[in-house]
Amino acid sequence: MTELRIRPAGPEDLDAALAFWKTAAEGTSISDDRAGVERLVARDPEALLLAERDGELVGTVIAGFDGWRCHLYRLAVHPDHRRRGIGSALLTAADERFVRLGGRRGDAMVLVRNERAQHAWRAAGYEPQEQWRRWVKHLTG
């Protein structure tokens, strides 16, 4: 098996990432469109990390840092490539990025129904914080 390459996504990668999430990610988000991902990469060019093997996209994670908190989104590994350390490698790259930026704690939003993800996040050293509840308001403009 060839080496796994992890790199930040560029503008030329955005359509591939969006298509990849339809296959590999659990659920969809209001931000899962070209404009949303373009804004992400324009604001923080190193936030969307891609894992590639032999030129094929096999995993992603968004490692966003707003100067205060480190947030992880869209950790996804292609179903044909799971359980090969790709998710762990992406989280290690995200953790390293956060440390370089001065981050102190990473957090992830994980769907309650996504049991596979719950196990992966626990294995990576993350713990649920039952005392928190996510509050959401859809913005219009």
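With +1 assigned to the C-beta of every Lys and Arg and -1 to the C-beta of every Asp and Glu, and no other charges, what is the dipole magnitude of the chain about the Cα centre in debye, to the nearest 20?
On the way: 22 positive and 21 negative charges, 105 e Å.
That gives the chain a dipole magnitude of about 500 debye.
Give me the Debye-computed log₁₀ of I(q)/I(0) at q = 0.13 Å⁻¹ for the chain, equal point scatterers on Cα only, no solvent, two decimals.
Values returned for q = 0.13 Å⁻¹ are -0.56.
Nearest 0.05, what FRET efficiency do HIS119 and GLU46 give at R0 = 35 Å with Cβ-Cβ as r?
Details: r = 28 Å, r/R0 = 0.79.
Given R0 = 35 Å and the Cβ-Cβ separation, E is 0.80.
Measuring from label point to label point, each 7 Å out along Cα→Cβ, what is the ARG7 to ARG69 span in nm?
3.2 nm
In percent, how large is the relative contact order of the range 1-57, given Cα pairs closer than 8 Å and 6 or more residues apart? Before the final figure, lay out the partial values.
Numbers: 50 pairs, mean separation 32.9, N = 57.
Relative contact order comes out at 58 percent.
Per residue, how large is the accessible surface of the chain? Use a 1.4 angstrom probe and give square angstrom. Before the final figure, lay out each step's value.
On the way: 9750 Å² over 141 residues.
It amounts to 69 Å² per residue over the chain.
Once both labels are modelled 7 Å past Cα along the beta-carbon direction, what's the ALA19-SER31 spacing in nm?
Once both label points are built, they end up 2.3 nm from each other.
Given only helices, namely DSSP H runs of n ≥ 4 each adding -39500 (n - 2.57), what is the per-residue ellipticity at 222 nm of the chain, to the nearest 500 deg cm²/dmol? Let's see the in-between values first.
Details: 4 runs with 46 residues, N = 141.
When only DSSP H runs of four or more count, the value is -10000 deg cm²/dmol.
Determine the distance separating the Cα centre of the range 8-37 from the Cα centre of the range 61-93; give it in Å without decimals.
After rounding, the separation between the Cα centres reads 14 Å.
Which of the helices in the chain, when you take each full DSSP H run, stretch at least 20 Å along the axis at their Cα atoms and have an average Kyte-Doolittle score of -1.0 or higher?
Working: long enough: 86-101 (23 Å, 0.65).
Once both thresholds are applied, what remains is 86-101.
Pulled fully out, how much extra length does the chain show between TYR126 and MET109, if you take 0.36 nm times their separation in residues and subtract their Cα-Cα distance?
5.0 nm
Under the 0.36 nm per residue contour assumption, what length would be gained going from the current alpha-carbon distance of GLU96 and LEU139 to full extension?
On the way: separation 43, 0.36 × 43 = 15.48 nm, distance 3.20 nm.
Once the chain is fully extended between GLU96 and LEU139, it gains 12.3 nm.
If you roll a 1.4 Å probe over the chain with all protein chains in place, what percent of the accessible area is carbon or sulfur? Mind showing how you got there, number by number?
Working: 4860 of 9750 Å².
Within the chain, the accessible surface is 50 percent carbon and sulfur.
The values are calculated or read from the model by the stated rules, or taken from the named source; none is laboratory data. Since we're looking at a predicted model, the values are computed, not measured. Glycine also receives a Cβ, built like all others from the backbone with ideal geometry; neighbour counts cover every protein chain displayed. Only protein heavy atoms, including side chains, enter the accessible area calculation; ligands, DNA and RNA are left aside. Shrake-Rupley method; radii C 1.70, N 1.55, O 1.52, S 1.80 Å.
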